[in-house]
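For reference, the structure discussed in these notes is given below.
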Amino acid sequence: MTTATPTGDEVLQAVGVLAANLPDEDILARLANEFFHMLPGEASGVSVADAPVTPPSALPTDLAPPRLAPAAVTPTGVPDYLATSAPASDGRVGGFALGVPEVYAAALPSVDAAPVPVPTSPYYFIGEASAYQPPAGTPSADRVTAQPFTLPGAGDFSTLLAGIDLGYARDPQAAAPTAAASPDPRFYFLETGGPTVLHSAHPPFDVHAVRRDFPILAERVHGRPLVWFDNAATTQKPQAVIDRLAWFYAHENSNIHRAAHELAARATDAYEGARAKVARFLGAASAQEIVFVRGATEGVNLVAQTFGRQHIGAGDEIVVSLLEHHANIVPWQQIAAEKGARLRVIPVDDSGQLLLDEYSKLLSDRTKLVAITQVSNALGTVTPVSEVVQLAHRVGARVLVDGAQAVSHMRVNVQALDADFYVFSGHKVFGPTGIGAVYGKQALLDSLPPWQGGGNMIADVTFERTLYQPAPARFEAGTGNIADAVGLGAALDYLERIGLENVARYEHHLLSYATLGIQTVPGLRLIGTAREKASVLSFVLAGYSTEEVGHALNEEGIAVRSGHHCAQPILRRFGLEATVRASLAFYNTCAEVDHMVAVLRTLVRGRR
């Protein structure tokens, strides 16, 4: 059959007809708007099919385009899956692709969205301020009632890891690791029964899908792919957070609370909505128990300058641990010196874990405050904070928990902990820098005096007296870090979509793999061997300064921290002034660990 070639005029006529049938600009704009605002699992309310279409009879028969139907929509959030095998590209489970969809599907806020009904608020124009609205696709969970917390227990997690191959063999059928990489009984997460891969009903956690959400992980350093092992210093930011910050400045930027115009309402809704997200994330009873600050350091100082000044006097005692970051030592030293109080220190054992028996001996009716980290930034030790809080409360002391290193690794519930105060920094949990939060029990916050004066914390001022807002506003003087608070809310939404339980499982597999790996490096000494650890590997290498090791790793694109990590007392407990610290996150991989181990082994061979 012969088909006639259309003439030039016929082609032009057909193109003109096709162009006339394309969706107009309004339809395209609506499509784009629907796409970028569509939550996971929702169907778009607008379609190309809404565009006016000329009847097919008006078109040349062999050139008439088909009508476009709305595309099928599928959820894009990562399900609550367990990490039961190594990443796909590592080849440990046959090299096939692990089919978990890409995580990033964060919906940008809609300017025209209908306001969500909220409880009574001092701000008439607040929309989402106090309403707990989990992101679409997030499994429903009770984040208010006290819940159990902490990392997976020794028994359950030992069972989980019992069959995972933690050696270096790329072929699952290869021989087991050598004796140099045998499990160390000091680490509960290294207990393993052999090289076979554990099979589970849960699909694997797809770290490569997660990595695509973090644009900076595509960077190259000295010609090498970036390996970000400095997560204890700061975490990288997913595209969802970057987009949310850009959206705020493009569509919502305004000061909050003190204007009747539209942008002030949008900015206030976003800011107070972020406060509600932090409350949900921590398991607080109310958003009014959350105070925004610049970070954990400012949070500790706020408590020191309010609770400390009001309740600590001459002869009283403040208890801290040997594991503390300087930020949870220095403010208490300052208050103790000013008030004539005494600072007492909980010792640790040779593994870096607190000695609870010694701690209990420090407590008395003179103890007014216990300040304790939940996870050591220098060693990765997970402290028994629940027991610490219970023992302190028996003698009437209040407890501040420094959660800066904990919130990105484990589920936290401040009501389950019964903590009086809890502080953390946004940049340690995949959010922006310059923002953090203080949780305080409502009655306790209401009883404390303001720290700074001016701006949002004012209810009424005359030259004779000043009336202050109730908490949390009374602790937020001046213009807050509005945009970064909103960005923090987006980071918490992102982490909730992945699931902190999934993060904990995957990171513990990664930590066990990395611990065995670096133990194969001759002359390497691991500092911090507590049975319960978060993803921190702190070490020294014989024959090299920590700066030399850090420089060598940097030349290969690997970012680690070398120095005292603002935790000099605990390093001196081990006879050191500095260590190399590799700190892991859920977007790191076994292949990156292999790369670091290879560089360290090359260093050792070079010195020999």
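The values are calculated or read from the model by the stated rules, or taken from the named source; none is laboratory data. This one's a predicted model, so the numbers in the text were calculated from it and none came from an experiment. Note: ideal-geometry Cβ built from the backbone for every residue, glycine included; neighbour counts use all protein chains shown. For the accessible areas, the whole protein counts, side chains as well, though only heavy atoms, and no ligand, DNA or RNA atoms are used. Shrake-Rupley method; radii C 1.70, N 1.55, O 1.52, S 1.80 Å.
The residues of the range 441-459 that are more than 16 Å from E476 (Cβ to Cβ) and either small (G, A, S) or open to solvent by less than 30 Å² (accessible area, probe 1.4 Å) (or both), listed by number, are A443, L444, S447.
Each row is one residue, and each column tells you yes or no for (1) open to solvent by 50 Å² or more (accessible area, probe 1.4 Å); (2) within 30 Å of F248 (Cα to Cα); (3) of a type in the set (D, E, K, R).
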| site | (1), (2), (3) |
| --- | --- |
| A267 | no, yes, no |
| G313 | no, no, no |
| D316 | no, no, yes |
| R342 | yes, no, yes |
| D350 | yes, no, yes |
| L356 | yes, no, no |
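Residue-level check: of (1) of a type outside the set (D, E); (2) in a helix (DSSP H, G or I); (3) in contact with a Pro (Cβ under 9 Å, 6 or more places away or on another chain); (4) open to solvent by 20 Å² or more (accessible area, probe 1.4 Å), V300 misses just (4).
For the range 446-465, the condition holds for at least one residue, the condition being that it is at positive phi and not hydrophobic (A, V, I, L, M, F, W, C). Residues in the range 358-394 that are among the aliphatic types (A, V, I, L, M) and open to solvent by 20 Å² or more (accessible area, probe 1.4 Å): 3 in all.
Can F281 be described as touching a Leu at 6+ places or on another chain (Cβ under 7 Å) and touching a residue at least 40 places away in the same chain (Cβ under 8 Å)? Steps first, please.
Values: touching a Leu at 6+ places or on another chain (Cβ under 7 Å): yes; touching a residue at least 40 places away in the same chain (Cβ under 8 Å): yes.
It is true that F281 is touching a Leu at 6+ places or on another chain (Cβ under 7 Å) and touching a residue at least 40 places away in the same chain (Cβ under 8 Å).
Among the residues of the range 473-517 satisfying the criterion of being under 26 Å from L537 (Cβ atoms) and β-branched (V, I, T), which is farthest from the chain's Cα centre (by Cα)?
Among residues in the range 473-517 that are under 26 Å from L537 (Cβ atoms) and β-branched (V, I, T), the one farthest from the chain's Cα centre (by Cα) is T515.
I435 meets each of the listed conditions (1) aliphatic (A, V, I, L, M); (2) open to solvent by less than 10 Å² (accessible area, probe 1.4 Å); (3) more than 18 Å from Y494 (Cβ to Cβ) apart from (3).
So in the range 227-262, with the set limited to residues that are surrounded by fewer than 16 Cβ atoms within 10 Å (Cβ to Cβ) and either without any contact (Cβ under 8 Å) to a residue 24 or more places away in the chain or charged (D, E, K, R) (or both), which one is nearest to V549 (Cα to Cα)? Per the stated criteria, the residue is A246.
The single condition from (1) free of Cβ contacts under 8 Å to residues at least 60 places away in the same chain; (2) part of a helix (DSSP H, G or I); (3) among the hydroxyl-bearing types (S, T, Y) that S364 fails is (2).
To keep it simple, each residue is scored yes or no on (1) open to solvent by 50 Å² or more (accessible area, probe 1.4 Å); (2) at pLDDT below 95; (3) out of contact with any strand residue (DSSP E or B) (no Cβ under 9 Å at 6 or more places or on another chain).
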{"position": "G396", "(1), (2), (3)": "yes, no, no"}
{"position": "V401", "(1), (2), (3)": "no, no, no"}
{"position": "Q405", "(1), (2), (3)": "no, no, no"}
{"position": "R411", "(1), (2), (3)": "no, no, yes"}
{"position": "Y439", "(1), (2), (3)": "no, no, no"}
{"position": "L488", "(1), (2), (3)": "no, no, no"}
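Only a single criterion out of (1) part of a helix (DSSP H, G or I); (2) surrounded by fewer than 23 Cβ atoms within 10 Å (Cβ to Cβ); (3) in contact with a Gly (Cβ under 6 Å, 6 or more places away or on another chain) is not satisfied by A336, namely (3). Of the strands (runs of 3 or more DSSP E) lying entirely inside the range 393-495, the ones with 3 or more residues being over 27 Å from R258 (Cβ atoms) and touching a helix residue (DSSP H, G or I) at 6+ places or on another chain (Cβ under 7 Å) are found at 398-402, 421-425. Only one entry of R294, R309, R224, R220 meets the criterion of being surrounded by fewer than 23 Cβ atoms within 10 Å (Cβ to Cβ), in contact with an Asp or Glu (Cβ under 6 Å, 6 or more places away or on another chain) and either at pLDDT 95 or above or more than 25 Å from D446 (Cα to Cα) (or both), and that entry is R224.
Counting only helices (runs of 4 or more DSSP H) wholly contained in the range 497-608, the ones carrying 3 or more residues that are open to solvent by less than 10 Å² (accessible area, probe 1.4 Å) and under 22 Å from P238 (Cα atoms) occupy 500-518.
Per the listing Y544, Y513, Y494, Y506, the residue uniquely touching a residue at least 12 places away in the same chain (Cβ under 8 Å), among the hydroxyl-bearing types (S, T, Y) and more than 30 Å from L571 (Cβ to Cβ) is Y494.
Among the residues of the range 305-318, is there at least one that is over 30 Å from A378 (Cβ atoms) and part of a helix (DSSP H, G or I)? Yes; the residues of the range 305-318 include at least one that is over 30 Å from A378 (Cβ atoms) and part of a helix (DSSP H, G or I).
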